[in-house]
Amino acid sequence: MTKKAISLGILALAVGAGSGAYAGPDDDSLVINDELEMVTETAAPAHMEGIDTIYSGWRFRTDETQSLQLDDFDNPAMLTVDQAIDAYSEVDGSENESCASCHGDVESFAGLSAAMPKVKDGNLVTLEDEINNCRSTRMGAEEWKWSGQDMQGMVALIGLQSRGMPVDVAIDGDAAPFWEKGKEIYYTRYGQLELSCASCHEENYGNMIRADHLSQGQINGFPTYRLKQARLISRHNRFRGCIRDTRAHTFAEGSDEFRALELYVLSRSNGLSVETPAVRQ
Amino acid sequence: MKTTSLIVASVLAAGMASADAPAPTDVVFEDGAVAASLTGTPGNAAEGRKIMNKGAGNCIACHAVSDLAELAFHGEIGPGLDGVGDRWSEPELRGIVANAKNMFPDTVMPSFYKTEGFIRIGNGFTGKAAEGAVDPLLNAQQIEDVVAYLLTLKE
């Protein structure tokens, strides 16, 4: 049986070599607006056992899709970001406040998204949580839905202030138990298809699954504009879609499970550039 | 119309055959292989060839097959299946298609004839929780049909 397994392995290599065009990430460089050089490949953080080098999902996409992220005038996500720029200065709610009235220029958020989610008062907090906390307690405004375009536009606008900075989320100290929980979820084989995140994005990145070229599932580009859905997509919405596709009962957007998974998956991006708003297929 | 009634007939036949088939939990694996036919009805290779495509087994999502060249986008996750009928015996192929994890414990390949032991099983691709009894991904006759097709893939 071992012999057969080995010969199958050799055959798999031969087939892979034969189809050729798609093995692994490509060699392209991502420079945005001809000036902002992005790190799309770097050594994996020490905590990752199964992968030596991490790659942005941008490196796995077609030239056509890649090109949409090279210039902000071509990036379809920027329409939603522009709306968030307007919303940032608009008074909303009972307290006569806007984002700008407390935070001033949005550029003051530089660096924040590179280190989110993080633990505050014992809770793991995402940027969506912070925005809704401001809206409800400081502005007296209605909370936004997790994956609504108003929310994800604002998450992207704040993230844009960190674009090009390395992702650097903390995984130790009081973040450790959340990170461990996220790691457990990452490696659990859910659903009737019994697939974990790792089944595709650690064991098989670079390979084709039907028409899809599997990436490492990095989330440094989120919120990301997904051409298939024609809007900005949240990290939790993408998690939900992937787990659903294993024929599983998914977790909800904004659940503690997805907060933990967000921290863990983002920690696998530590060292890659914050890319939001990225463009993917 | 003719095609439709043919499909209905074959679905009925498959359903009837499956009624006598062992439940997935009762299938006997030996070194990952399953010696006995699950249905006693010989597999239909032509039906099996159809199951290889999306919507049924979707085997080519992960495996490349030259005989199915008319279908676009074959996957690279699992080994290519050209010549698989020479490399494996019928019982081995039956065991691998039914539940490959018996032969390859770490494989990412889904178990096509399995109904329990899942984590957070959903109701198809809805993302919601499953309700009631779980059907295997392929029924017993479909497993036999796929095995019959794979046995035709010779070098």
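In the complete set of protein chains, residue-level accessible area for A:Asp121 is approximately 150 Å², probe 1.4 angstrom. Please report, to one decimal in angstroms, the Kirkwood hydrodynamic radius of segment A:91-153 built from all distinct Cα-Cα pairs. Across segment A:91-153, the inverse of the average 1/r is 12.6 Å.
Membrane-span-like helices in chain B, defined purely by DSSP H runs whose alpha carbon atoms cover 24 Å or more axially and whose average Kyte-Doolittle hydropathy reaches -1.0, are B:2-19.
Each of A:His236, A:His249 has its accessible area taken with a 1.4 Å probe; listed largest first, they run A:His249, A:His236.
When the inverse distances between all different Cα atoms of segment B:46-127 are averaged and flipped, the Kirkwood radius reads 14.0 angstrom.
Cβ-Cβ distance of A:Ala100 and A:Glu64, R₀ of 41 Å, FRET efficiency by 1/(1 + (r/R0)^6): the value works out to about 0.65. Taking the accessible area of the protein assembly as shown, probe 1.4 Å, and keeping the other protein chains in place, the carbon and sulfur fraction comes to 53%. Interface of B with A. Using a 1.4 Å probe and counting protein heavy atoms only, the two chains hide about 3400 Å² of accessible surface, both sides summed. Label separation (A:Glu180 vs A:Val125): 2.4 nm, computed from points 7 Å beyond Cα along the C-beta direction. Only protein heavy atoms count here; on that basis, with a 1.4 Å probe, B:Lys50 has an accessible area of about 130 Å².
When chain A is treated as a Gaussian network with alpha carbon springs shorter than 10 Å, the biggest mean-square fluctuation among A:Gly111, A:Gly206, A:Gly148 belongs to A:Gly148.
Shown is the FRET efficiency for B:Phe104 and A:Asp72, computed with R0 = 60 Å from the Cβ-Cβ distance and rounded to the nearest 0.05: 0.80.
Taking the alpha-carbon centroid of each part, what is the distance from segment A:81-138 to segment A:179-210 in angstrom? Each part reduced to its Cα centre gives a spacing of 32 Å. A loss of 20 Å² or more of accessible area (1.4 Å probe, protein heavy atoms, ligands and nucleic acids excluded) relative to the isolated chain is seen in these residues of segment B:114-132: B:Phe118, B:Ile119, B:Arg120, B:Ile121, B:Gly122, B:Gly124, B:Phe125, B:Gly127, B:Ala129.
Given a Förster radius of 30 Å and the C-beta distance between B:Lys50 and A:Val31 as r, what FRET efficiency does 1/(1 + (r/R0)^6) yield to the nearest 0.05?
The calculated FRET efficiency here is 0.05.
To the nearest ten degrees, helix A:2-19 and the longest principal axis of the Cα atoms of chain A are 60 degrees apart. Exceedance of the 27 Å cut-off in Cα-Cα distance is limited, within the set B:Lys54/B:Lys128; A:Lys120/A:Lys183; A:Lys183/B:Lys128; A:Lys181/B:Lys54, to A:Lys181/B:Lys54.
Among B:Asn58, B:Asn44, B:Asn139, the residue with the largest mean-square fluctuation in a Gaussian network model of chain B, with springs joining Cα atoms closer than 10 Å, is B:Asn58. The residues of segment A:94-157 expose, per residue, 48 Å² of accessible area to a 1.4 Å probe.
Over all projection directions, the Cα-based convex hull of segment A:146-209 averages an area of 7.1 nm². Solvent exposure of B:Thr107, expressed as accessible area, is near 30 Å², computed with a probe of 1.4 Å over the protein chains only. Here the Debye sum runs over all C-alpha atoms of the protein assembly as shown as equal scatterers in vacuum, and log10 of I(q)/I(0) at q = 0.06, 0.13 Å⁻¹ comes out as -0.31, -1.14.
Largest first, the residues A:Arg226, A:Arg231 sort by 1.4 Å accessible area into A:Arg231, A:Arg226.
Tell me which residues come under 5 Å, amide H to amide H, from A:Leu195 once H is placed; ignore anything under 5 positions away on its chain. Answer set, sorted by chain and number: A:Tyr190.
The values are calculated or read from the model by the stated rules, or taken from the named source; none is laboratory data. As the structure is a computational prediction, the values presented were derived from the model and not from experiment. We place every Cβ from the backbone using ideal geometry, glycine too, and count neighbours over all the protein chains shown. All accessible areas refer to the heavy atoms of the entire protein, side chains included, with ligands and DNA or RNA removed. Shrake-Rupley method; radii C 1.70, N 1.55, O 1.52, S 1.80 Å.
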